[in-house]
Amino acid sequence: MNIQGHAALVTGGASGLGEATARELARLGAKVAVLDVNVALAEKVAADIGGVACTCDITSTDSVVAALARAAATHGPARILMNIAGIGSAKRVVGKDGQAAPLEDFAKVINVNLIGSYNMSRLFAAECVKLDPLEDGERGVMMFTASVAAFDGQVGQQAYSASKGGLVGMTLPMARDLAQHGIRVCTIAPGLFATPLMKQLPEPVQQSLAASIPFPPRLGKPEEFAQLACHIVTNSHLNGEVIRLDGALRMAPR
């Protein structure tokens, strides 16, 4: 699919990997809707790229439906969905106090990262199937954002790894399900990236993490993630695939 002129949705588009992806899509000529729970940051990014900001909580069907409607009213129906919104978590199963981790904490991460991404995707797909196919029969493309933690999660990452592993496991069956409608589905599993969250860590910690990456021995750049996300859109034979973007990193247990 040629990105130029098509409407695109980016969840978590107000910062980090989402912001970089929104900016790259706009640079390539897409009409971008920046979806985020932080509407102030979303509006700032949207203003910079000539897009539209939409308040969106991906765990809420009403919120997603409203965001889709606002984006469509501004840009027309979307053919591109970048699922990048998510939250992190680190909690041992049994804490130092001997107490089991709260079930609510696990459920929250699964609800946002896995169920929220599915919620966004099912509602996007339901609108996308109504569109006329393009010349090659394609109607749309969606991408999930997993993590290397889906494959080699560290101590305390049970909830996060499970949520991202769920996205990995969902990629192929969703691609097969939506193939009849000409909608492709792929997932990127990023490693350690220089996001705002990462930059909050002390500099020595960032340097240590960067040194653990075989090559290049540095944190990934959000623009590199964005470039791959956009390549997935333009390469029509990429479908049902999970791509690690990590500099050959394999995470240690802790």
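Could you say whether any residue in region 35-54 is over 22 Å from residue 128 (Cβ atoms), touching a Pro at 6+ places or on another chain (Cβ under 6 Å) and crowded, with 19+ Cβ neighbours inside 10 Å? Looking for residues that are over 22 Å from residue 128 (Cβ atoms), touching a Pro at 6+ places or on another chain (Cβ under 6 Å) and crowded, with 19+ Cβ neighbours inside 10 Å, one finds none in region 35-54, hence no.
In region 185-198, the condition of being in contact (Cβ under 8 Å) with a residue 60 or more places away in the chain, of a type in the set (A, V, I, L, M, F, W, C), over 29 Å from residue 133 (Cα atoms) and part of a loop (DSSP other than H, G, I, E, B) is met by no residue. Just one of the numbered conditions (1) of a type outside the set (S, T, N, Q); (2) at pLDDT below 95; (3) part of a helix (DSSP H, G or I); (4) surrounded by fewer than 17 Cβ atoms within 10 Å (Cβ to Cβ) is not true of residue 218: (3).
Restricting 242, 205 to residues that are out of contact with any Cys (no Cβ under 6 Å at 6 or more places or on another chain) and surrounded by 17 or more Cβ atoms within 10 Å (Cβ to Cβ) narrows the list to 242. When region 57-80 is filtered for residues that are touching a residue at least 60 places away in the same chain (Cβ under 8 Å), touching a helix residue (DSSP H, G or I) at 6+ places or on another chain (Cβ under 7 Å) and not small (Gly, Ala, Ser), the ones remaining, listed by number, are 58, 59, 61, 77, 79, 80.
Suppose we filter 109, 64 for residues that are part of a helix (DSSP H, G or I) and under 27 Å from residue 138 (Cβ atoms); which single one remains?
One residue alone meets the criteria, 64.
Every condition in (1) farther than 20 Å from residue 232 by Cβ; (2) within 19 Å of the chain's Cα centre (by Cα) holds for residue 12 except the one numbered (1). Restricted to region 96-125, and to residues that are acidic (Asp, Glu) and more than 30 Å from residue 186 (Cβ to Cβ), which residue is surrounded by the most Cβ atoms within 10 Å (Cβ to Cβ)? Filtering first and then ranking leaves 104. Remark: pairs (first residue in region 81-98, within 25 Å of residue 120 (Cβ to Cβ) and touching a residue at least 12 places away in the same chain (Cβ under 8 Å); second residue in a strand (DSSP E or B) and among the acidic types (Asp, Glu); Cβ separation under 9 Å; 6+ apart in sequence or on different chains) = 85/36.
If you go through region 66-95 and keep only what is more than 17 Å from the chain's Cα centre (by Cα), surrounded by 15 or more Cβ atoms within 10 Å (Cβ to Cβ) and among the aliphatic types (A, V, I, L, M), you end up with 66, 71, 72.
The values are calculated or read from the model by the stated rules, or taken from the named source; none is laboratory data. Remember, it's a predicted structure, so these values are computed and weren't measured experimentally. We place every Cβ from the backbone using ideal geometry, glycine too, and count neighbours over all the protein chains shown.
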